[in-house]
Amino acid sequence: MHPPTPDTAVISTHGLTRRYDDLLAVDRLELTVPPEIIFGLLGPNGAGKSTTIKMLTTLLPPSAGSARVAGFDIVAEPRQVRRRIGYVPQLVSADGTLTARENLRLSARLYGIPRREQSSRIAAGLEFMGLSSSGDQLVKTFSGGMIRRLELAQAMLHEPAVLFLDEPTIGLDPIARRAVWDRLTELRRRAGTTILITTHDMEEAEVLCDELALMHRGVIAARGTPAVLKSSVGPDATLEDVFAQVAGGSLEAGGTFRDVRRTRDAARRLG
Amino acid sequence: MTSAAPATPRAAWAEGAPPFEFLRQSLAVAAAELRKVGRDPTELFTRAVQPALWLVVFGQVFSRVRAIPTGSLSYVEFLAPGILAQSVLFAAIFFGIAVIWERDLGVIHKLLVSPAYRGALVMGKAISAGVRGLVQGIIVYALAFALGVRLRLDPGALVGVAFSVMLGSALFATFSLVVACLVKTRERFMGIGQVLTMPLFFASNAIYPLDMMPHWLQLVARANPLSYVVDLLRSLMIAGGHSTLGLGLDFGVQILGLVLLLLVASKLYPGLAR
């Protein structure tokens, strides 16, 4: 598979770097993502996936390098980027002390969706995520899977060109995971949304993603479709084997105390 | 479920003029915050306990001491505006804890990836804190009325008090937000909150007049924004009460302070998501 040229790409980075004190979290990243696919950044905790997503969503300024998302520069034109993207962080971003509908209403207003369209869009979003009957319940009464689906509804309410999801199914049971995958696939198919997810879960990478980049210590160690990546190692190879070969490490290992704590926090809150 | 599928992504929603957008976004944040008011009924009770203690216990006892010169006012009448200002301060100064909580979850990340002005996100919080502060006003008015304080009930005075309570609440809540943005963790924030409240209260004209204080303390009290909240309330709330600092200065200091704090907070707020 040929990498897309930067002008057709929805996401393209050039030398994108982020340094935290003495830690190089993302190291001169070169990444291009073509439109209308589900793209996975796969790697263990601490590989730089979340840092990459935070820079692409304009939450974190890069230490060096540049990136364009949905046609705009993340440093020079952050507001234009923000108007065209949706983001579901690894942590729980829905407000538990509001109802599902109130959460969606806030997003609709912040994104400038015209007042006359707000209610119909909110209703459509709830329906698409299978939450129609729970719209007026406080989110703190929701199950983990329902919260994630609400967060997806919230992130896509304004019909973003690109959706960023940081570990979207962490802490969810297998059925809730399937439901999230199903909705994302449907969203990509119907709306043509480009979806970038981070994951350290091989099954998620294989089932959900059209294309993968294996990330290790701040750089991309390999890239391709799940099938191509596996066949490059051997006939019965798994993504874990691919990762071991290109990065010399395991998907399970790695991460600082802080990474692990945040991951477990998110898992506990959604579980 | 399939009928509600979203359409093709669109470029972006149209935007209005910046001042209009700023106000609309601020009000959206404030509206969401205010939805939460009243969902916890214990909050009203906890907000009423401290002012009741100060007015009923402290106020009644000190009325008998007659050591504090309060002019034509009884001591409880002198004290009531001070206690309103104090309860506004105490309710607002821990406002930042909610922001730290939102950061530990991921709510702030969600707000900050939206195209909303960073200033509007902060302004919305300040507006909601201002409206919440009105609860303190109602509680203290009820207590003061029960204690026989001669309150000014003309519409002009009531509107003025409501405005100053909102202004004071917004001021201290934004200050609290700035502290939260700087310390980032709940433990440190609680420590600093507790260290700040008592000095702000005692180094003000809330429970004794400025001219009773030693000179150095008068200087501190004049630099303390709480003194201006108290002074404003004292003239607007109590029949026969008067301002010693001047109403223009009272409003000026608070508005200027709020604007400066909002500017600082909107610069610091995005740091919470990093």
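Overview of values
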| quantity | calculated |
| --- | --- |
| Global form of chain A, assessed from the alpha-carbon gyration tensor, a/c cut-off 1.5 | prolate |
| Top of B:Gln60, B:Gln86, B:Gln136 by mean-square fluctuation, Gaussian network on chain B, Cα under 10 Å | B:Gln60 |
| For the protein assembly as shown: rounded, prolate or oblate by the Cα gyration tensor [a/c cutoff 1.5] | prolate |
| Kirkwood Rh in Å, taken over the range B:115-154 so that all alpha-carbon pairs contribute | 12.3 |
| Structure-based [θ]222 nm, chain B - -39500 (n - 2.57) summed over DSSP H runs of at least 4, per residue, nearest 500 | -22500 deg cm²/dmol |
| Theoretical FRET efficiency, 1/(1+(r/R0)^6), r = Cβ-Cβ of A:Thr225 and B:Leu260, R0 60 Å, to 0.05 | 0.65 |
| Average other protein chain Cβ within 10 Å of Cβ, residues A:125-133 | 2 |
| Förster radius 45 Å - calculated FRET efficiency between B:Phe20 and B:Leu53 (Cβ-Cβ, nearest 0.05) | 0.50 |
| Theoretical ellipticity at 222 nm over chain A - DSSP helices of four or more residues, -39500 (n - 2.57) apiece, nearest 500 | -11500 deg cm²/dmol |
| Approximate spin-label separation A:Thr185-B:Met212, in nm, with each point projected 7 Å along Cα-to-Cβ | 7.5 |
| Three principal axis lengths of the range B:140-274 [C-alpha, angstrom, descending] | 52, 36, 29 |
| Candidates B:Leu256, B:Leu143, B:Leu177: whichever shows maximal mean-square fluctuation once chain B is modelled as a Gaussian network with Cα springs under 10 Å | B:Leu256 |
| Evaluated over the range B:88-139, the Cα radius of gyration and Dmax, each in Å | 12.7, 38 |
| Modelled label reach - B:Thr244, point 7 Å along Cα→Cβ, the range B:43-74 residues with backbone N closer than 20 Å | B:55, B:59-60, B:62-74 |
| Within the range A:142-167: backbone nitrogen closer than 19 Å to the A:Glu36 label point (7 Å, Cα to C-beta) | A:159-164 |
| Average partner coverage of B:32-41, which counts Cβ from other chains inside 10 Å | 3 |
| For chain B, built as a Gaussian network whose Cα springs stay under 10 Å, the top-fluctuating residue of B:Met212, B:Met190, B:Met123 | B:Met212 |
| Test item: Cα-centred dipole of chain A, Lys/Arg +1 and Asp/Glu -1 on Cβ, debye | 1020 |
| Partner chain coverage, peptide B:110-122 - average Cβ within 10 angstrom | 6 |
| Label-point separation, A:Asp241 to A:Ser133 (7 Å along Cα→Cβ), nm | 4.5 |
| B:Leu34 paired with B:Gln60, simple spin-label distance in nm, labels 7 Å along Cα-to-beta-carbon | 3.6 |
| Lysine pairs with alpha-carbon atoms under 20 Å apart, the protein assembly as shown, spacing 8 or more or separate chains | 14 |
| Two-decimal Rg to Rh for the range B:36-128 - Kirkwood Rh, Cα set | 1.17 |
| 4 °C / 1.567 mPa s Stokes-Einstein diffusion coefficient of the range A:70-179, Kirkwood radius on C-alpha pairs, µm²/s | 90 |
| For B:Ser63, B:Ser227, order by how many other beta-carbon atoms lie within 10 Å, fewest first | B:Ser63, B:Ser227 |
| For the range A:62-104 versus the range A:156-207, the gap between their alpha-carbon centres in whole angstrom | 16 |
| 14 Å beta-carbon shell around B:Gly193, net charge (K/R +1, D/E -1) | +2 |
| The protein assembly as shown: antiparallel DSSP beta bridges as a percent of all, rounded to 5 | 55 |
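None of the figures in this text is laboratory data; all of them are computed from the coordinates on show. Bear in mind that the values here come from a model prediction, so they are computed numbers and not experimental data. Here Cβ is always computed from backbone atoms with ideal geometry, including for glycine, and neighbour counts include all displayed protein chains.
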